[in-house]
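The values are calculated or read from the model by the stated rules, or taken from the named source; none is laboratory data. Everything numeric in this text was worked out from a predicted model, so none of it was measured. All Cβ positions, even for glycine, are placed from backbone atoms using ideal geometry, and neighbour counts span all protein chains on display. Keep in mind that these areas ignore ligands, DNA and RNA; they rest on the heavy atoms of the full protein, side chains included. Shrake-Rupley method; radii C 1.70, N 1.55, O 1.52, S 1.80 Å.
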Amino acid sequence: MRTPTIQSAILLATLMLGSAQAQGTIKIGAITSVTGRFAEFGKMQLAGFKVGVEEVNRKGGVLGKKLELVVEDNASDVNKGLAAAERLVNAGVPIVINEYSSSLVKAQAQYLARQKVPNLVITSSGDDITKPGSDYIFRLNQPATEYARVILNIFRDNKFKSMAVIAGTGAFEKSVADAAQLIAKEYGITIMEDQRYDKGLTDFRPVLNRIKAKNPDGILMVSYAEDSVALMRQAREVGVKPRLFAGGAAGFALPEFVKDAGSAAESVVTATAWIPQLRYAGTQKLNVDLKKALGGADPSYHAAQAYAGVLVAAEAVRKAGNTDREAVKAALNGLTMNTSFGPIQFKDFDGFRNQNPLAMVAQQVQGGAFVPVYPKAVIPKPIKFER
Amino acid sequence: MDSAQTTALIQTVAQGLLTGGLYALIGTGLSLIFGVMRVINFAHGDFLAIGMFITLALFRAFDLDPYFSLLVAAPVGFALGFLIQRVVLARLGDRLSEASMLATLGLGLIISNTLLLTFGAQPQNINVAYATQTVQLGGVQLSIPLIVAGLGTLVSIAALNFVLYRTELGRAIRATAQNPLGAELQGVKTAHIQAIVFGMGVAFAAIAGVLLMPLLYAFPTVGENYTTKAFIVTVLGGLGNLPGAVVGGLVLGVIESLGAFYVSNNYRDAYGLVAFLLVLLLRPEGLFGKTVKRV
């Protein structure tokens, strides 16, 4: 039960230890949730950081020096995350990589932009982080709209007429659910119910009963880890039966979801940012490395994003030729990379600024394991429907 | 209303009643403690969390079926309550109301933080085969763990009634509740009785925790919410009134479910609080309470 915390502590210690030994390193900052309710994601990111730093250093480091990651814990809390960002700014790092929760990142990004410190967002996907964004905020992962779009694409391709939405009220869930509203309208899919809930709600039965009575073709759920399990268990219990249950990543894309929800997870489709079956160069190897860093556990996409984040930050410093913040910012602007997470290039489009345009993947739980089902770029398996 | 909607409504009410049963179980423990010793146990929900984590730990360590954990959680809860009454609450003397309020609040903090240090903040589930199994009753679908929880509540409350009204111990408890001084004069060891009652109240919370575990994830501060619920239940039914706590629990469960079904899920906790305020305004003694002057 305590293993996750201990593992993260060991990982963190390893990262720190690297710092004690190396002399004259290039330091870059990173913030994640070592403790608190997002610690599960923090564990993934720490593993990704570790693999990324090792790879950069194995290939000769940056500007002739070893790369060192200064990791700060946000304790899954907005204020502690801000304090972590402040510590990194004061430590003089040229760039700050962060992190999982949109609610936390939004506050940090605004602060970092004010301090004129380049901010590389790797996981949090609230649209409003890069829309309208700032000169100093760069995001390598997909924005929330894409999470909704990949699911709605499946709904549209399978001629769904109606759907229901259940989403939390956090920044990320809201972004995905709001995007789903717009895309549904565009695709001509009727949204019969749009239920938002505050964190801490544990009984979804009344809402599910309501949705059951309306019998939509698809249900899109956007929830964090524990809620995703509760939602699917209760959906089975209540007997609501859409043609497809779909999750907007977050909790639904975690290996724990399949484990904890058991048979209730079967046939649930979820958007996800990265899977080992993607056909980018080095994806398989990255999966093996991440798995090793996680002590044998399967990595989630958060780990791959953290890995790519380290590579991008290192490349930006290398291109800048020094650790000057303005130079690093300029380097990020012109950067083009192919990583095993996906291609990375920061562009301005559709109101987004410094946003990496990257497609999402959809996967489905089949026989107790995730299999890719969308898009064609992953060699998809056929989707199984509930009815 | 078409038939799909009628079924959904019946299902909502049935699930509300079963959830309400759990509230009743928690409320009964709180009400029992209040009825006998005029202590409002603000750590009540945290004792429920202990029940949940005992279940979780036994499941992780020995793969023990959650319901067998009752055999551990109930006695542990009782022993813990007994000890706490003896070691902490009994020493507070006559300044019971404020001192015991602060003491139980403090206990709650100690418990939730101990759980946090031991198990971590991450919400944790256990996955048993029957967690998502259901029973069909004419289109209405009910979860087996929820039904077991309802039955568990019935059995526990029946057992409590048996103890209170059919045994010597029960007589002593009722005597202590009615008039501690008089009971003491008649040879009832009221200090001992109070410790037993506190133990029973805590055991009830722990049992509720075990019954909740297959339905809900456990996390260290899960108790907070249930302390509030227990308090609402107890006030709805009348403080210290046991049948009142049962009805209060069922009422709260159904109000919450119907509110979430008809209005919005988001104000779920508000429905109970509104009912709570209305009862306080219109019948301050609770739905079933009597104003009793203490001697």
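A compact table of results
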quantity	calculated
Where Cα atoms sit under 18 Å apart: lysine pairs in segment A:165-318 separated by 8 or more or lying on different chains	5
Chain lengthening between residue B:281 and residue B:102 when straightened (0.36 nm per residue, less Cα-Cα)	61.8 nm
Gyration tensor over alpha-carbon atoms, chain A, equivalent ellipsoid semi-axes in Å	35, 21, 19
Distance in nm between pseudo-label sites at residue B:68 and residue A:116 (7 Å out along the Cβ direction from Cα)	6.7 nm
Exposure ranking of A:72, B:98 by accessible area [1.4 Å probe, largest first]	B:98, A:72
Pair residue B:178, residue A:377: separation of 7 Å Cα→Cβ label points (nm)	7.9 nm
Choice from B:271, B:23, B:130 showing the highest fluctuation, given a GNM over chain B with Cα pairs closer than 10 Å	B:130
Along each principal axis, Cα extent of segment B:1-44, largest first, Å	51, 16, 12
Potential extension, residue B:266-residue B:90 segment - 0.36 nm per residue separation minus Cα distance	59.2 nm
Whole-number percent relative contact order across segment A:10-164, with pairs defined as alpha carbons under 8 Å at least 6 apart	20 percent
Accessible area of segment B:3-222 belonging to carbon and sulfur atoms, whole % at 1.4 Å probe	69 percent
Dipole of the protein assembly as shown, positive direction: furthest Cα of A:36, A:60, B:243, with charges on the beta-carbon	A:60
Solvent-accessible surface ranking, highest first, for B:200, B:101 at 1.4 angstrom	B:101, B:200
Most fluctuating residue given options B:159, B:149, B:205, as computed from a GNM of chain B linking Cα atoms under 10 Å	B:159
Accessible-area value, residue B:226, 1.4 Å probe, nucleic acids and ligands omitted, Å²	20 Å²
Over the protein assembly as shown, equivalent-ellipsoid semi-axes from the Cα gyration tensor in Å	50, 30, 21
Label point distance in nm, residue A:385-residue B:79, each placed 7 Å from Cα along Cα→Cβ	5.7 nm
D_trans [Stokes-Einstein, Kirkwood Rh over alpha-carbon pairs] for chain B, 4 °C, 1.567 mPa s, µm² s⁻¹	66 µm²/s
